[in-house]
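Worksheet: one structure, shown below.
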Amino acid sequence: MGWVVLVGDLTESASGGVLEQLAEVLESRKLADPESSYVASLYAGGVDKILKKIGEEATEVVMAGKDGEPGAIVAETADLCFHLMVLLAHEGLSPQAVIIELQRRFGLSGLEEKAQRQQ
């Protein structure tokens, strides 16, 4: 099965720079007023509020997956990724840290990677 692109082709900025751009925006929201910024309100609520939102979004991804609607799967996955990035920013981590970890795992079988984590 090939990849399905729902809304055109990726632009150069969307394919690579969007994570960095979003990380910059999320970082800037740390100084924003929680009354006027959704992300600032998540930060103000602390890690528990952020984790609750991640749980909600993960559940919505599961429900979209069960429904099998590609557009909903993409939209809900984007919501989940966004909130995961809020968590990363809250904890002072960049999306690059996740990309590096994915690169480290690339080419390993899932079983081999899991065995390495258990050592």
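Checked against (1) at pLDDT below 95; (2) over 21 Å from V98 (Cβ atoms), W3 passes all but a single condition, namely (2). Among the residues of the stretch 58-92, those that are among the charged types (D, E, K, R) and either in a helix (DSSP H, G or I) or within 19 Å of G46 (Cα to Cα) (or both) comprise E60, K66, D67, E76, D79, E91. If you go through the stretch 45-61 one residue at a time, do you hit one that is among the aliphatic types (A, V, I, L, M), out of contact with any helix residue (DSSP H, G or I) (no Cβ under 8 Å at 6 or more places or on another chain) and either surrounded by 12 or more Cβ atoms within 10 Å (Cβ to Cβ) or under 18 Å from H90 (Cβ atoms) (or both)? There is no residue in the stretch 45-61 that is among the aliphatic types (A, V, I, L, M), out of contact with any helix residue (DSSP H, G or I) (no Cβ under 8 Å at 6 or more places or on another chain) and either surrounded by 12 or more Cβ atoms within 10 Å (Cβ to Cβ) or under 18 Å from H90 (Cβ atoms) (or both).
Does the stretch 90-103 contain at least one residue that is under 21 Å from V18 (Cα atoms), touching a residue at least 12 places away in the same chain (Cβ under 8 Å) and in contact with a Lys or Arg (Cβ under 9 Å, 6 or more places away or on another chain)? Yes; the residues of the stretch 90-103 include at least one that is under 21 Å from V18 (Cα atoms), touching a residue at least 12 places away in the same chain (Cβ under 8 Å) and in contact with a Lys or Arg (Cβ under 9 Å, 6 or more places away or on another chain).
The values are calculated or read from the model by the stated rules, or taken from the named source; none is laboratory data. Fair warning: this is a prediction, and the values are worked out from it, not measured in the lab. Glycine gets a Cβ as well: all are built from the backbone with ideal geometry, and neighbour counts include every protein chain shown.
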